[in-house]
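Enquirer: Shown below is the structure under consideration.
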Amino acid sequence: MKNLIKVAFLSSVITAAMVYVILEWKPLRSEESRAPEVSWASSPLALPTAAAPAGLSDDERNNIDIYQKYSPGVVNITTVTVAYDFFYRPVPQSGMGSGAVIDNQGHIVTNYHVVRDAEQLQVTLWDKSKHTAKMVGSDPNNDLAIIQIDAPRGLLPIPLGTSKGLQVGQKVLAIGNPFGLDRTMTTGIISSLGRSIESENGRVIEDMIQTDASINHGNSGGPLLNNQGQIIGINSAILSPSDAGSIGIGFAIPADTVRRITDELITRGYVRHAALGISTQSLVPLSDYPWLAEALRLDTTTGLMVVDVPRGSAAALGGVKGADNEVIIRRIRVPVGGDVILAIQGKEVDSVQQLQSEIDHYKPGDAIKITVLRNNKKMDLAVTLQEARRQ
């Protein structure tokens with residue numbers, strides 16, 4: 001009997017509790033607080049822009065605004081190149097990188113090393129649409145290239161800014177496709193300016209922007225933006241031990257170089273580079289052979305000793321003199337009697353890379369002053385630069 005009484009009592013308590021909960025429970029979302037129905041845009045690809053959550057800092061809002069406005073101008077570039085196996089059978093290989101749309105005609109700037117030797121080029125836009133691209137022109141010396149797609153409606157170019165006046169500490173944003181993860185944004189600052197980086201063809205790219213914004217494989221060719229969403233550089237390289245990935249040291253080609261190069265690539269299909277006409281094999285850096293300057297009793301231990309000057313070259317027409325004799329030093333036959341190039345326009349040069357970098361500041365037809373050492377006497381020569389041969 002006692003057990004029956006306990007069961008009845010517990011049943012009455014549970015019933016009363018359920019009635020109380022039912023009476024006191026309210027909907028979690030009343031009619032007044034219900035979220036409005038989502039209204040899709042006419043285009044199935046145009047998603048509604050969500051309002052920024054409250055409590056964001058001004059810097060966060062700036063990041064969000066730039067990403068929403070300009071990330072659609074960043075594209076994913078897929079390349080197909082052909083390699084050959086041990087039996088010389090063609091083996092297609094794919095690669096991936098980033099690019100930035102720079103006008104409404106479908107021109108896209110990227111790195112030369114992203115599209116080098118590509119047999120096929122495919123561009124994926126922000127809306128996942130895929131487009132076949134063609135090569136417009138490339139400049140290996142500055143690791144830049146222009147490709148083009150048939151411009152669809154609604155193409156969203158990113159404005160090209162300037163790299164003049166940049167400051168260390170200035171905020172930057174990098175957008176690209178690291179490891180194929182499309183339209184990823186990272187932020188950071190300009191860590192340093194005026195860096196010199198050697199490109200894959202051995203030429204030195206000057207005035208590079210160093211940033212700590214995370215850049216990884218696949219970011220190459222993507223834009224580095226300022227806080228106004230303007231391109232101030234094209235991400236090109238990272239410094240990483242053992243190819244480990246980003247450690248916060250990335251480099252971007254400055255926007256002023258990008259503008260100069262891309263203008264020529266679009267109008268000509270190639271970049272006209274100035275040249276002295278002396279091959280790198282005919283220039284001997286004295287700083288690499290200090291014993292040579294001592295043996296020849298030269299009044300300099302720096303500069304480039306000229307071995308041969310081709311007839312009709314800019315250097316020959318400007319009066320630069322090559323070797324006219326030979327001596328044996330340490331059982332090595334050494335051509336002697338030529339000039340030692342000390343400076344270009346007053347700036348000392350001590351390596352072939354430095355000489356090429358200085359010449360790259362000028363255009364074919366420009367007249368420059370070359371300081372040489374001849375018979376241990378300094379003299380200035382006026383040389384009119386010629387157009388370098390296209391390789």
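The values are calculated or read from the model by the stated rules, or taken from the named source; none is laboratory data. What you see is a predicted model, and the numbers here were worked out from it, not measured in a lab. As a convention, Cβ positions derive from the backbone with ideal geometry for all residues, glycine included, and neighbour counts pool all protein chains shown.
Enquirer: Residue under question is L373, and the condition is that it be closer than 24 Å to E264 by Cβ and either among the charged types (D, E, K, R) or at pLDDT 95 or above (or both); does it hold? Step through it out loud before you land on a result.
Expert: On the way: closer than 24 Å to E264 by Cβ: no; either among the charged types (D, E, K, R) or at pLDDT 95 or above (or both): yes.
Taking the combined requirement at face value, the residue does not satisfy it.
Enquirer: Mind checking which residues of segment 276-292 are touching a Ser or Thr at 6+ places or on another chain (Cβ under 8 Å) and buried (at least 19 other Cβ atoms within 10 Å of the Cβ)?
Expert: The answer is L276, G277, I278, L286.
Enquirer: Only one of G55, G99, G95 is in a loop (DSSP other than H, G, I, E, B), at pLDDT 70 or above and not assigned by TED's automatic domain parsing to the domain that holds I232. Can you tell me which? Let's see the steps before the verdict.
Expert: On the way: G99 fails: in a loop (DSSP other than H, G, I, E, B); G95 fails: in a loop (DSSP other than H, G, I, E, B).
Going through G55, G99, G95 in turn, the sole match is G55.
Enquirer: Part of a strand (DSSP E or B) and buried (at least 19 other Cβ atoms within 10 Å of the Cβ): which single residue out of I147, I158 fits that description? Reasoning before the result, please.
Expert: Values: I158 fails: part of a strand (DSSP E or B).
Exactly one of I147, I158 is part of a strand (DSSP E or B) and buried (at least 19 other Cβ atoms within 10 Å of the Cβ), namely I147.
Enquirer: For T186, all conditions in the list (1) within 24 Å of N76 (Cα to Cα); (2) in contact (Cβ under 8 Å) with a residue 40 or more places away in the chain; (3) in the same structural domain as R260 (by TED's automatic domain parsing); (4) within 16 Å of the chain's Cα centre (by Cα) hold save one; what is the number of the exception?
Expert: Exception for T186: condition (2).
Enquirer: Here is a further query. Give me a count of the residues in segment 82-111 that are within 21 Å of the chain's Cα centre (by Cα) and free of Cβ contacts under 8 Å to residues at least 40 places away in the same chain. Don't jump to the end; show me each part of the working.
Expert: Filtering segment 82-111 down to residues within 21 Å of the chain's Cα centre (by Cα) leaves 94-103, 106-111.
Subset that is free of Cβ contacts under 8 Å to residues at least 40 places away in the same chain: 94-95.
Of the residues in segment 82-111, 2 are within 21 Å of the chain's Cα centre (by Cα) and free of Cβ contacts under 8 Å to residues at least 40 places away in the same chain.
Enquirer: Next question. Return only the number of the condition from (1) at negative phi; (2) under 14 Å from the mean Cα position of the chain (by Cα) that D207 does not satisfy.
Expert: (1)
Enquirer: Moving to a separate point now. Just to be sure I understand the filter: pairs with C-beta atoms under 6 Å, separated by 6 or more residues or on different chains, first member in segment 354-379 and without any contact (Cβ under 8 Å) to a residue 40 or more places away in the chain, second member surrounded by fewer than 19 Cβ atoms within 10 Å (Cβ to Cβ) and β-branched (V, I, T). Which pairs pass?
Expert: Pairs that qualify, where the first residue is without any contact (Cβ under 8 Å) to a residue 40 or more places away in the chain and the partner is surrounded by fewer than 19 Cβ atoms within 10 Å (Cβ to Cβ) and β-branched (V, I, T), are A367/T384.
Enquirer: Condition (residue is within 23 Å of Q228 (Cα to Cα), not in a strand (DSSP E or B) and not basic (K, R)) applied to segment 72-84: is it met by at least one residue? Write out each step before concluding.
Expert: Taking segment 72-84 first, the residues within 23 Å of Q228 (Cα to Cα) are 72-76.
Then drop every residue that is not not in a strand (DSSP E or B), which leaves 72-73.
Among the residues that remain, those that are also not basic (K, R) are: 72-73.
Yes: segment 72-84 contains one or more residues that are within 23 Å of Q228 (Cα to Cα), not in a strand (DSSP E or B) and not basic (K, R).
Enquirer: Pick out the one residue from L276, L292 that is more than 21 Å from E206 (Cα to Cα) and either in the same structural domain as M208 (by TED's automatic domain parsing) or of a type in the set (A, V, I, L, M) (or both).
Expert: Numbers: L276 fails: more than 21 Å from E206 (Cα to Cα).
The conditions single out L292.
Enquirer: Quickly run through segment 192-208 and pick out the residues that are touching a Ser or Thr at 6+ places or on another chain (Cβ under 9 Å), more than 20 Å from K164 (Cα to Cα) and surrounded by fewer than 17 Cβ atoms within 10 Å (Cβ to Cβ). Walk me through how you get there before you give the answer.
Expert: Just the residues of segment 192-208 that are touching a Ser or Thr at 6+ places or on another chain (Cβ under 9 Å), to begin with: 192-193, 196-197, 199, 202-208.
Now narrow it down to the ones that are more than 20 Å from K164 (Cα to Cα): 199, 202-203.
Within segment 192-208, just G202 meets the criteria.
Enquirer: Just give me the residues in segment 351-388 being in a loop (DSSP other than H, G, I, E, B) and either of a type in the set (A, V, I, L, M) or outside the structural domain of V307 (by TED's automatic domain parsing) (or both), in sequence order. Break it down into steps so the answer makes sense when it comes.
Expert: In the first step, residues of segment 351-388 are kept if they are in a loop (DSSP other than H, G, I, E, B); the result is 351, 360-366, 375-376, 385, 388.
Hits for segment 351-388 are L385, A388.
Enquirer: Would you mind stating whether S313 is closer than 27 Å to D207 by Cβ and surrounded by 13 or more Cβ atoms within 10 Å (Cβ to Cβ)?
Expert: On the way: closer than 27 Å to D207 by Cβ: no; surrounded by 13 or more Cβ atoms within 10 Å (Cβ to Cβ): yes.
No.
Enquirer: Further question on the same structure: Condition first: of a type in the set (A, V, I, L, M) and either closer than 24 Å to P140 by Cα or at pLDDT below 85 (or both). Now tell me which residues in segment 187-229 satisfy that. Spell out the reasoning first.
Expert: At the first step, the residues of segment 187-229 found to be of a type in the set (A, V, I, L, M) are 189-190, 193, 197, 204-205, 208-209, 213, 215, 224-225.
L193, I197, V204, I205, M208, I209, I215, L224, L225 - these are the residues of segment 187-229 that are of a type in the set (A, V, I, L, M) and either closer than 24 Å to P140 by Cα or at pLDDT below 85 (or both).
Enquirer: On to the next question. When only residues in segment 115-143 that are under 25 Å from H361 (Cα atoms) and not basic (K, R) count, which is farthest from the chain's Cα centre (by Cα)? Walk me through how you get there before you give the answer.
Expert: Step one: filter segment 115-143 for residues under 25 Å from H361 (Cα atoms), giving 116, 136-143.
Cutting the leftovers down to not basic (K, R) gives us 136-143.
Working: V136: 18, G137: 16, S138: 13, D139: 12, P140: 12, N141: 12, N142: 9, D143: 7 Å.
Out of the qualifying residues, it is V136.
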